[in-house]
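A quick write-up on the structure given underneath.
The values are calculated or read from the model by the stated rules, or taken from the named source; none is laboratory data. Predicted, not measured: the structure shown is a model, and the values here were computed from it. Every residue, glycine among them, receives a Cβ derived from its backbone with ideal geometry; neighbour counts consider all protein chains shown.
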Amino acid sequence: METSPTDAPSEGADTGHDTGHDAGPDTGHDAGSTPAEPPRRRRTLRRVLIGLAACFVVLGLVLVGTAWYLQDHLVGQVDRVDDAFAGLESRPAPAQGEGLNILLMGTDRRSDEPTTGDDAKAPTWLPGEQRTDSLMVLHIDSDRQHATLVSIPRDSWVTVPGHGENKINAAFSFAGPSLAVETVEELTDLRIDHLAIIDWDGFEALTDELGGVTIDVPRTVRDSARGKTWEAGEHHMNGEEALLYVRQRYGLTGGDFDRIKRQQNFLRALMRQTLSGETMSSPTTLYGVLNSVTKHLTVDSEWTTGDMRSLVLSLRSMRARDVTFTTVPVKGTGREGKQSVVRLDRDKGRELWGAIREDRAAEWVEANGGGRPASVS
């Protein structure tokens, strides 16, 4: 069940459905076919797809959790991080059962903001040159029927092992993905099983492949930095417009909290459109979706294609309404020297992470609100 924030606009019913078929009909035939072996059957057997895999983020966020195929050259587009878990010694115990925890990190390579690092536009993720622009923990329940996506504000003031107290998004710039994983494990006491990194450009390309997404803007907001005004109401956004929407930093009454909420609302809309019957029944659209995401996706080298394939098959019945979105509980904001920081509510946070370990996050969020900020734009 998707749990929407009480202060956020209703996202509406999920109209997506699983067609229950592979990607499209096969119209090929052989002139010499016989009734004993129908041409369509022989043609289909010759076209069995070898490379089954999944594009899985953000985002992700089970963006194509019901996809049934992925060509070999698409798999080859996914970059790998070799040292995601290097040097990690004292780690939380693995989840009981089949629960899975994935650390999702995003960057905005087109941003000139210093918070994204000294070289945010670099084609690869390099320690010391980039910071995470967004950070989320995706938990997939043991039953593979539900998932929880927890956003962590990039300015959260936490313990970064070996570097004292610092903003959580600095961990990657200090020592790469392994320190980012270690920092999140220190904060959550959850064992991170896999890492996925995606640039927001990937979401722009994906949005265009889907023909745009519809997002409800609850109130009129002006983005003075880009000269853009978002009028209250529904907006059908193409990729460029959606990226402007999620990247806005100024003019939001809740600051980065509202930006997180926008990212979550965008991801909901993206999942609904991706998992809709219209998308899943179109081989051309589905291939375009996979191609767009794999070109912008990086995962840990321990996450094999076979493992991703198995995960995708186990998630084929999941829908957008089965994903709970929330934000790590916060107490408020403050300052550390010249830095503006977010103070986390550690007690509430322990409750949330404990609920995630026990596959009851949706119930906890419904009862506690998940520590979401009060303001949404």
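Could you say which residue among ILE215, ILE192 is closer than 30 Å to PHE85 by Cα and surrounded by 20 or more Cβ atoms within 10 Å (Cβ to Cβ)? ILE192 is the lone residue from the list that is closer than 30 Å to PHE85 by Cα and surrounded by 20 or more Cβ atoms within 10 Å (Cβ to Cβ). Pairs meeting the criteria (first residue in region 78-92 and farther than 15 Å from THR304 by Cα, second residue hydrophobic (A, V, I, L, M, F, W, C) and surrounded by 13 or more Cβ atoms within 10 Å (Cβ to Cβ), beta carbons under 8 Å, at least 6 apart or on different chains) are LEU88/VAL181; PRO92/LEU190.
Once region 319-377 is narrowed to residues that are farther than 21 Å from ALA95 by Cβ and among the β-branched types (Val, Ile, Thr), the residue that is modelled with the lowest pLDDT is VAL376.
Of the strands (runs of 3 or more DSSP E) lying entirely inside region 200-274, the ones with 1 or more residues being in contact with a helix residue (DSSP H, G or I) (Cβ under 9 Å, 6 or more places away or on another chain) and closer than 20 Å to VAL293 by Cα are found at 213-217, 233-237. Looking at region 359-373, is at least one residue crowded, with 18+ Cβ neighbours inside 10 Å, assigned to a helix (DSSP H, G or I), without any contact (Cβ under 8 Å) to a residue 24 or more places away in the chain and in contact with a Phe, Trp or Tyr (Cβ under 6 Å, 6 or more places away or on another chain)? Within region 359-373, none of the residues are crowded, with 18+ Cβ neighbours inside 10 Å, assigned to a helix (DSSP H, G or I), without any contact (Cβ under 8 Å) to a residue 24 or more places away in the chain and in contact with a Phe, Trp or Tyr (Cβ under 6 Å, 6 or more places away or on another chain).
Only a single criterion out of (1) at pLDDT below 90; (2) closer than 30 Å to ARG343 by Cβ is not satisfied by GLY227, namely (2). Among the residues of region 142-174, those that are touching a residue at least 40 places away in the same chain (Cβ under 8 Å), assigned to a loop (DSSP other than H, G, I, E, B), touching a helix residue (DSSP H, G or I) at 6+ places or on another chain (Cβ under 9 Å) and surrounded by fewer than 23 Cβ atoms within 10 Å (Cβ to Cβ) comprise ARG144, GLN145, HIS146, ARG154, ASP155.
Could you list, in sequence order, the residues of region 308-343 that are part of a strand (DSSP E or B) and in contact with a helix residue (DSSP H, G or I) (Cβ under 8 Å, 6 or more places away or on another chain)? Of everything in region 308-343, those that are part of a strand (DSSP E or B) and in contact with a helix residue (DSSP H, G or I) (Cβ under 8 Å, 6 or more places away or on another chain) turn out to be VAL323, THR324, PHE325, THR326, THR327, VAL330, VAL342. Filtering region 297-322 down to residues that are within 16 Å of GLU98 (Cβ to Cβ) and hydrophobic (A, V, I, L, M, F, W, C), which residue is surrounded by the fewest Cβ atoms within 10 Å (Cβ to Cβ)? Going through the qualifying residues, I end up with LEU313.
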